[in-house]
Amino acid sequence: MGGGGGGVKDVGSKAELDEALHGAAPVVVHFWASWCEASKQMDQVFAHLATDFPQALFLRVEAEEQPEISEAYAVAAVPYFVFCKDGKSVDKLEGANPSILANRVAKVAGSTSLVESASPASLGIAAGPTVLEAVKDMAKENNSSKNENANSDLSGLTTRLWQLVNSHPVFLFMKGSPEQPRCGFSRKVVEILKDEGVEFGSFDILTDNEVREGMKKFSNWPTFPQLFCKGELLGGGDIAVAMHESGELKDVFRDHGVPINSKETKVAESAKDVSETSIPEKGGGISDSMGLNVELASRLRTLVNSSPVIIFMKGRPEEPKCGFSHKVIEILQQEKVAFESFDILSDDEVRQGLKIFSNWSSYPQLYIGGELIGGSDIVMEMQKSGELKKILAEKGFVPKVTLEDRLKNLVTSSPVMLFIKGTPDAPRCGFSSKVVNALQDEGISFGSFDILTNEEIRQGLKTYSNWPTYPQLYYKGELIGGCDIVLELQNSGELKSTLSE
């Protein structure tokens, strides 16, 4: 597999990848999945960067089809990028962020001008509006100050979010679509809205990371789904369930003048649908809700309820057959929760049927209390935010953990731990950016937590540390201070010694 060439090449085996890595050209590898919309969008960016950086070799690996390669690079979620030089991995990127991807490609490929190499004109119309918008943002970052750009982006994003929440009387921000929810909580809220008989609009936050992160701040609500009525946030999955069961949700819709289809109308329409549907003679009957063989639907229902926590995976916990399954097993073991598993490679009927039953097209699938939680990317996100531990505790599967315990675990999760707005790759405020730069300039390795992703942690840490602002830097569980203190330590030459005593 030669070097460079200005195109993307699909990798068919680990041997093929190893051969490419030993060439002279820098290598960028995109681990993707055909079912993941974010992967598809980033693949467009990837293809155009391959054209603009012909001196590098751009490779694509279908993560689930190449488990040996995925496991070798610890790939647990897609999209995932690995950057290699001189036969060694020098950097990685997890998630859909066109700006960071372009910057890292430029870094590993040795480009002299990011704006020149990744300008909207060179990408062309074929990139589509999403990609062009992302690349325009890259150019702005290189031509204007970070503060001006951040303010402009924030203003534009706020307007977009406001338009979204007010686009329908009832609007749901969810993972997936109403026809194909990508998490059990989103599925539950969709079912509730259908049962309430209201029409609603929706937005799949998995397709747009800017909206996903922006909505957390816009609504001051750290998780999804988020349900809005006439532009006002009602809450997430738990609140929607409670309001539905108490009858309060119906009252809210009525008070806000939201049209409600009567149950009589829905029953009549349902009866009409059933009467007009021909049922095959074979297969022991068809499940009305899913189109599955009744016997198989019953078996799947029994399986997902056979243990309080069960994972449908490729392989067994002792010997996972794909990196995604391996990652979820690791998470469950870290959470110290007892669980059962089912190897979908051993039973193709279950493997294919469960996709229909759960309306979830890939594996692994994690169920808690008979409810689908999601796949590896969602489980990873829930663990990071503390939501997974909270659900397990609420259902009595693990001991309840106090907020103080969570904060203590977080501040000691890395010898040097930084709580910031955003991530080290994409800080969301100037003070956070300065502290990240100071640590990186001193060559100090550190862990980080984005306080914008979890409001409970954000507010709780202020009390825990008795420090009212962010960023906050910790060393071995002890607070060092905020931006001013970190910069003072750096200027006096004491920062590195303070964080290595």
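The values are calculated or read from the model by the stated rules, or taken from the named source; none is laboratory data. All values derive from a computational prediction rather than experimental measurement. All Cβ positions, even for glycine, are placed from backbone atoms using ideal geometry, and neighbour counts span all protein chains on display. The protein model used for the area step is the full one, side chains on, heavy atoms only, and it has no ligands, DNA or RNA in it. Shrake-Rupley method; radii C 1.70, N 1.55, O 1.52, S 1.80 Å.
Per residue, how much accessible area does segment 8-109 have with a 1.4 Å probe, in Å²?
Per residue, segment 8-109 has 39 Å² of solvent-accessible surface.
Step through the table entries Lys14/Lys92; Lys384/Lys421; Lys40/Lys92; Lys175/Lys230; Lys384/Lys476, compare each Cα-Cα distance with 23 Å, and write down the pairs that go over it.
Beyond 23 Å: nothing from the list.
About the Cα centre of segment 306-395, how large is the charge dipole given +1 on each Lys and Arg Cβ and -1 on each Asp and Glu Cβ? Please answer in debye to the nearest 20.
Dipole magnitude for segment 306-395 comes out near 200 debye.
What relative contact order, as a whole-number percentage, does segment 404-499 give when Cα pairs under 8 Å and 6 or more residues apart are counted?
35 percent
Roll a 1.4 angstrom probe over the protein heavy atoms and tell me the percent of accessible area of segment 8-109 that is carbon or sulfur.
On segment 8-109, the fraction of accessible area on carbon and sulfur atoms equals 48 percent.
Please give, to one decimal in nm, the separation of the simple spin-label points placed at Asp10 and Lys355, each 7 Å out from Cα toward the Cβ.
In this crude spin-label approximation the distance works out to 1.7 nm.
Not counting ligands, DNA or RNA, and with a 1.4 Å probe, what is Trp467's accessible surface area in Å² rounded to the nearest 10?
70 Å²
Write down the accessible area per residue of segment 148-246 in Å², having rolled a 1.4 Å probe over the full set of protein chains.
Roughly 43 Å² per residue, with all protein chains present.
Hey, what do the phi angles of segment 335-341 turn into as Karplus ³J(HN,Hα) couplings, whole Hz, using 6.51/-1.76/1.60 and θ = phi - 60°, x for Gly and Pro?
Once θ is set to phi - 60°, the couplings for segment 335-341 become 7, 6, 10, 6, 8, 10, 9 Hz.
Hey, can you grab everything whose amide H is under 5 Å from the amide H of Gly176? Only 5+ residues off in sequence or another chain; H modelled, so Pro and N-termini drop out.
Arg182, Ile205, Leu206
Tally Lys and Arg at +1 and Asp and Glu at -1 over the other residues with C-beta under 12 Å from the C-beta of Asp91: what net charge comes out?
+3
Residues with amide H under 5 Å of Arg316's amide H, sequence separation 5 or more or different chain, H placed in the peptide plane at 1.01 Å from N; which?
Lys321
Quick one: 3J(HN,Hα) in Hz for segment 53-65, Karplus 6.51/-1.76/1.60 with θ = phi - 60°, rounded, Gly and Pro as x.
Residue by residue, segment 53-65 yields 10, x, 6, 10, 9, 9, 10, 10, 10, 7, 4, 6, 7 Hz.
Find which of Phe185, Thr223, Phe171 sits farthest along the positive direction of the dipole of segment 167-256, computed with +1 on the beta-carbon of Lys and Arg, -1 on that of Asp and Glu, about the Cα centre.
Value: Thr223.
Could you tell me whether segment 364-426 comes out rounded, prolate or oblate from its Cα gyration tensor? Rule is a ≥ b ≥ c as square roots of the eigenvalues, rounded for a/c under 1.5, then prolate if a/b exceeds b/c, otherwise oblate.
Oblate is the answer for segment 364-426, as a/c is 1.5 or above yet b/c matches or exceeds a/b.
Going by a ≥ b ≥ c, the root eigenvalues of the Cα gyration tensor, does segment 404-499 fall in the rounded group (a/c under 1.5), the prolate group (a/b larger than b/c) or the oblate group?
It is prolate, given that a/c is not under 1.5 and a/b is the larger ratio.
Which cross-chain or sequence-distant (5 or more) residues have an amide H under 5 Å from the amide H of Ile480, H modelled 1.01 Å from N in plane?
Counting only residues 5 or more places away or on other chains, the set is Leu473, Tyr474, Tyr475.
Could you go through segment 218-230 in sequence order and give the Karplus-derived ³J(HN,Hα) for each residue, using 6.51 cos²θ - 1.76 cosθ + 1.60 with θ = phi - 60°, rounded to whole Hz, and x for Gly and Pro?
Calculated HN-Hα couplings, in order: 4, 9, 6, 9, x, 10, 10, x, 10, 10, 10, 10, 6 Hz.
Would you mind telling me the antiparallel percentage of the DSSP bridges in segment 8-109, rounded to 5?
If I count the DSSP bridges inside segment 8-109, around 55 percent turn out antiparallel.
Within segment 306-395, what percent of beta bridges assigned by DSSP are antiparallel, to the nearest 5?
70 percent
Of Ala426, Pro415, Ser492, which is farthest towards the positive pole of segment 404-499's charge dipole, taken about the Cα centre with +1 and -1 on the beta-carbons of Lys, Arg and Asp, Glu respectively?
The Cα lying farthest towards the positive end belongs to Ala426.
Run the accessible area of segment 404-499 with a 1.4 Å probe and give the carbon-and-sulfur part as a rounded percent.
46 percent
Ignoring ligands, DNA and RNA, what accessible area per residue does segment 300-376 give at 1.4 Å, in Å²?
Dividing the accessible area of segment 300-376 by its residue count gives 40 Å².
Would segment 306-395 count as rounded, prolate or oblate if I go by the C-alpha gyration tensor, calling it rounded below 1.5 in a/c and otherwise prolate when a/b exceeds b/c, oblate otherwise?
prolate
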